[in-house]
Amino acid sequence: MIVLDPDLVVLYFRGHPAVARRLLATPPSELAIPSVAIHEVLVAIGEGPGAARRRGELDRLLESVRTPWFGLAEARVAARLRHAAIELPAFDLMLASTALCYDAAVATPRPEAFAQVADLRTIDWSADDSAPS
């Protein structure tokens, strides 16, 4: 499974060619947008002009991918990471914890943000080379 970072989802909606190509080439059954990422995408969409259209696009994407919740197992992993002095913003910590619980990679345009999480695999779909790091 590949967990999508909300920043990557926003790039997809903005028509980033490399992100769109890779996302559309991946079977939806292999993709996940965790609930914490959905929240961040909805905040990015906002309420201004075009927001209703973008929310509709998000809804269509969410119908085809997994949408795991941040539950007890994810909370325990997040606590373990925090106790190990991993300093990530709360939503990044929750995203990383979700990916770790599912043994998934995180597709993100900012793999350096997750570099402190030793066991977490990241893929930068916004770059020319999408090899796991």
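Observations on the structure shown:
- Within the stretch 1-19, the set of residues being part of a helix (DSSP H, G or I) and of a type in the set (G, A, S) comprises just one member, A18.
- Some residue of the stretch 20-41 being more than 23 Å from T98 (Cα to Cα), assigned to a loop (DSSP other than H, G, I, E, B) and basic (K, R): no
- Exactly one residue out of E87, E63, E74, E47 is exposed (fewer than 12 other Cβ atoms within 10 Å of the Cβ) and at pLDDT 95 or above: that is E63.
- In the stretch 2-49, the residues that are among the small types (G, A, S) and within 18 Å of M94 (Cβ to Cβ): A32, S35, A37, A44
- Boolean, A79 is closer than 19 Å to L100 by Cα, loosely packed, with under 14 Cβ neighbours inside 10 Å and among the aliphatic types (A, V, I, L, M): yes
- Verdict on S126 being within 14 Å of the chain's Cα centre (by Cα) and modelled with pLDDT under 95: yes
The values are calculated or read from the model by the stated rules, or taken from the named source; none is laboratory data. None of the values given here were measured: they were computed from a predicted structure. Reconstructed Cβ throughout: ideal geometry from the backbone, glycine too, with neighbour counts over all protein chains shown.
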